[in-house]
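A.B. asks: The following block contains the structure, expressed as structure tokens.
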Amino acid sequence: GLDGALIEAIPPGVDTPTPMNRQAARTWFGQAFKKHGWRDGTPLVSFVGRRDTAKGLDLLLYAAALVRRRGVDLQLAIMGPTLFGGEYGTMLRQIATNLRLPVIWQGKLSDNRRTKVFAASAALVYPSIHREPFRSEEHTSELQSH
């Protein structure tokens, strides 16, 4: 029975970033990643997260190559840390090279830089190949029946 205007959602343990203007974020991204192949005016599709085999980044590379071959120009950025050494990253770079797919690669990002990447991106993708630990539709139905 509370007025919705009186309720504020606070993410648990996560600082809420200050929103950034998309054009300012794209300008920042262009300056920060120009030497990595940034092309101003081309949509940016980004993955920002842990880079490991369960995340399906190899599938993301194949999908991006297919989309580009269908005539949709895009830029792909894969960013984030890895917990298992550099082998997976090396393999991903080899796949991207074989697909002739330019990718902007970056390791771990600060919270500030992550916010800017989110704002600069036309789309964020998370191609996980395993069930994420979020509530499934099946679990939701089970909860509603109780």
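The numbers here are math on the coordinates, done by the rules we state, and not lab data. Nothing here was measured: the structure is a model prediction, and the numbers come from that model. For neighbour counting, all protein chains shown are included, and Cβ atoms are generated from backbone atoms with ideal geometry for every residue, glycine included.
A.B. asks: Please work out the C-alpha center-to-center distance from segment 44-61 to segment 107-122 and express it in whole Å.
C.D. replies: 15 Å
A.B. asks: Okay, next question. Taking the Cα-to-Cβ direction at W105 and at F84 and moving 7 Å from each Cα, how far apart do the two end points lie in nm?
C.D. replies: Inter-label distance under the simple model: 1.7 nm.
A.B. asks: Can you list which of the trypsin sites (Lys or Arg not before Pro) found in segment 76-131 are DSSP loop residues with at most 13 other C-beta atoms within 10 Å?
C.D. replies: Working: sites: R93, R100, K108, R113, R114, K116, R131; in loops: R100, K108, R131.
In loop regions of segment 76-131 (DSSP not H, G, I, E or B), the sparsely surrounded trypsin sites (Lys or Arg not before Pro) are R100, K108, R131.
A.B. asks: Is the shape of segment 11-97 rounded, prolate or oblate, going by the alpha carbon gyration tensor and its root eigenvalues a ≥ b ≥ c, with a/c under 1.5 for rounded and a/b larger than b/c for prolate?
C.D. replies: Details: a/c = 1.79, a/b = 1.10, b/c = 1.64.
Judged from the Cα gyration tensor, segment 11-97 comes out oblate (a/c at least 1.5, b/c at or above a/b).
A.B. asks: For a quick check: with amide H placed at 1.01 Å from N, whose amide H comes under 5 Å from Q75's, ignoring anything fewer than 5 positions away on the same chain?
C.D. replies: Those lying under 5 Å, H to H, from Q75 are L44, V45.
A.B. asks: Show me the chymotrypsin sites (Phe, Trp or Tyr not before Pro) within segment 41-113 that DSSP assigns to loop and that have at most 11 other Cβ atoms within 10 Å of their Cβ. Present the calculation step by step, with values, prior to reporting the outcome.
C.D. replies: Values: sites: F47, Y62, F84, Y88, W105; in loops: F84.
Answer by residue number: F84.
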